[in-house]
Number of protein chains: 2
Amino acid sequence: MAFDFQGIATQFVAHYYNTFDTNRKALAGLYRENSMLTFESSQSLGAASIAEKLAGLDFQKVKHVYETADAQPTATGGIVILVTGKLAVDDESNPLTFSQAFQLCQDPQGQWFVFNDIFKLIYG
Amino acid sequence: MAFDFQGIATQFVAHYYNTFDTNRKALAGLYRENSMLTFESSQSLGAASIAEKLAGLDFQKVKHVYETADAQPTATGGIVILVTGKLAVDDESNPLTFSQAFQLCQDPQGQWFVFNDIFKLIYG
């Protein structure tokens, strides 16, 4: 636990949702060949497939406001993050509540990427 | 991804919440020396400390009803799970919404245990 996992997680989460909301296609760069996305229980494997899934989501505009991003180091040098927050799509006035779990790993160049990504909307 | 991560996750989640609701102290057996719990952003390290934290939570009765438990394998043979659900404590009639992320790992005997555990209540 010698590294600043919470700081890395906080930076990642800010970057992830900012990219999601402003340039969704650029999210591809945060995933790798063997990365996984489970989006509302639908699974995608690999950066290309994940980017296609995210680009095809049925809204034009989206704004995420995350409220908490709790992080823990893993046994193998990764970081697990649980995010909770709200998002607003297009001109909907009622924001949706979501929860999202990530595992970040480092590639051989030391770059952090998303290995695991599970997203769920939460209905009151 | 040759192993049945979703089946293991489903079994684990059923066992975890049943144990939580009926015999909270027995949860200690699901953690190990280096396991981590972040409960409402408060951190505990190690099975003993985690069990003490969970045993000391300020309610007598609790009933978890989980709604979804999406699982993914990790790069190192573990399983990441994102659970969403509701829980009712004591005689409160209004259930609370929660989200919880786990990483399960296997010990040298092949027994699955909780390495990472992050729990958050979600307020509408």
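Miscellaneous remarks
- Dipole moment magnitude, nearest 20 debye, chain A about Cα centre, only Lys, Arg, Asp, Glu C-beta charged: 80
- Exposure ranking of B:T19, A:T76 by accessible area [1.4 Å probe, largest first]: A:T76, B:T19
- Largest to smallest principal axis extent of the C-alpha atoms in the stretch B:1-66, angstrom: 40, 27, 21
- Using a 1.4 Å probe over protein heavy atoms, the accessible area lost on pairing B with A, summed over both chains, comes to approximately 2700 Å².
- The Stokes-Einstein estimate for chain A, based on a Kirkwood radius over Cα pairs and taken at 25 °C with 0.890 mPa s viscosity, is a diffusion coefficient of 166 µm²/s.
- Taking a straight Cα-Cα cut-off under 17 Å and skipping sequence neighbours fewer than 8 places away in the same chain, the lysines within cross-link reach of B:K120 are A:K86, A:K120, B:K53, B:K63, B:K86.
- Rounded to 0.05, the FRET efficiency of the A:T10 and A:L45 pair, given R0 = 30 Å and the Cβ-Cβ distance, is 0.65.
- In chain B, the longest principal axis of the Cα atoms and the axis of helix B:5-22 are about 30 degrees apart.
- The heavy atoms of A:Y123 present about 140 square angstrom of accessible area, all protein chains included, probe 1.4 Å.
- Stokes-Einstein diffusion for the protein assembly as shown, with the hydrodynamic radius set to the Kirkwood value over Cα pairs and evaluated at 20 °C in a medium of 1.002 mPa s, equals 116 µm²/s.
- Efficiency of FRET between A:D90 and B:Y123 - r from beta-carbon atoms, R0 22 angstrom, step 0.05: 0.35
- The protein assembly as shown - share of DSSP beta bridges that are antiparallel (%, nearest 5): 85
- Point-to-point label distance, A:Q111-A:F3, nm (Cα→Cβ direction, 7 Å offset): 1.5
- Here the protein assembly as shown is treated with +1 on each Lys and Arg Cβ and -1 on each Asp and Glu Cβ, and its dipole about the Cα centre works out to around 140 debye.
The values are calculated or read from the model by the stated rules, or taken from the named source; none is laboratory data. All values reported here derive from a predicted model rather than from experimental measurement. Ideal geometry is used to build each Cβ from the backbone, glycine not excepted, and the neighbour counts take in all protein chains shown. SASA here: full protein model, heavy atoms, side chains in, ligands and nucleic acids out. Shrake-Rupley method; radii C 1.70, N 1.55, O 1.52, S 1.80 Å.
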